[in-house]
1. Measure off 7 Å from each Cα along the Cα-to-Cβ vector at Leu18 and Val108, then give the distance between these two points in nanometres to one decimal.
2. Can you pull the accessible area of Lys119 for me, 1.4 Å probe, Å² to the nearest 10?
3. Given the Cα-Cα distance of Val135 and Ser152 and 0.36 nm per residue of separation, how much length would full extension add, in nm?
4. Compute, for Glu49, the solvent-accessible surface of its heavy atoms (probe 1.4 Å) with the complete set of protein chains present, and express it in square angstrom to the nearest 10.
5. Heavy atoms of the protein only, probe of 1.4 Å, neighbouring chains included. What is the accessible area of Asp4 in Å², nearest 10?
6. Efficiency by 1/(1 + (r/R0)^6): what FRET value for Thr35 and Thr121, r their Cβ-Cβ distance, R0 = 45 Å, to the nearest 0.05?
Amino acid sequence: ELLDTLAYAMGGRAAEELVFHDPTTGASNDIEKATATARAMVTQFGMSEKLGAVKFGQESGEVFLGRDMGHQRDYSEEVAAQVDAEVRALVENAHHEAWEILVEYRDVLDEMVLQLLEKETLNKDEVLAIFEPIVKRPERAHLTGNGRRPLSDRPPVLTPAVAVAAPLSFEHPTSTA
């Protein structure tokens, strides 16, 4: 889901490059959000094969003299460089994925633009009609699988439906009624 979010965030930048052959400042907020998400994936959620399931940095809780609540680095320059490389790779891969999707569905993008220029707003059915040619991409490879910890082929345990239970009695077990 987070990888999809990254690709979605980079879609505006990729569209600018594809259509206008030159990025503008219009996608700067999307790039900021994608970078923050990728950094959280690497430093907070342990979603980096290279760095592992480790939380990097610590939250700073005190705010005084203009200091913001934020994230303090508690790791070496070498690890910081690795974090930056992993973040960059996540954002670049998302950017490339967004580019590939837009190239594949350029006709859909152009139709959306034409419809918005004509009508200014579109309802759900109009958007669905424009997006009809889009085919869902295959599922991504699992982030957690690697040679040392292969993915299990067993699904999660299925829980039975909760049966309607009889009313509970709240009498103390030693009481005499």
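1. Label at Leu18, label at Val108, 0.9 nm between them.
2. Number for this one is 90 Å².
3. In short, 3.3 nm is gained.
4. Solvent-accessible area, nearest 10 Å²: 130 Å².
5. Number for this one is 80 Å².
6. According to the calculation, E is roughly 0.90.
The values are calculated or read from the model by the stated rules, or taken from the named source; none is laboratory data. Since the structure is predicted, the reported quantities are computational estimates derived from the model, not experimental observations. Heads up, the Cβs are rebuilt from the backbone with ideal geometry, glycines too, and the neighbour counts pull from every protein chain shown. Just the protein is used for accessible areas: all its heavy atoms, side chains included, with ligands, DNA and RNA removed. Shrake-Rupley method; radii C 1.70, N 1.55, O 1.52, S 1.80 Å.
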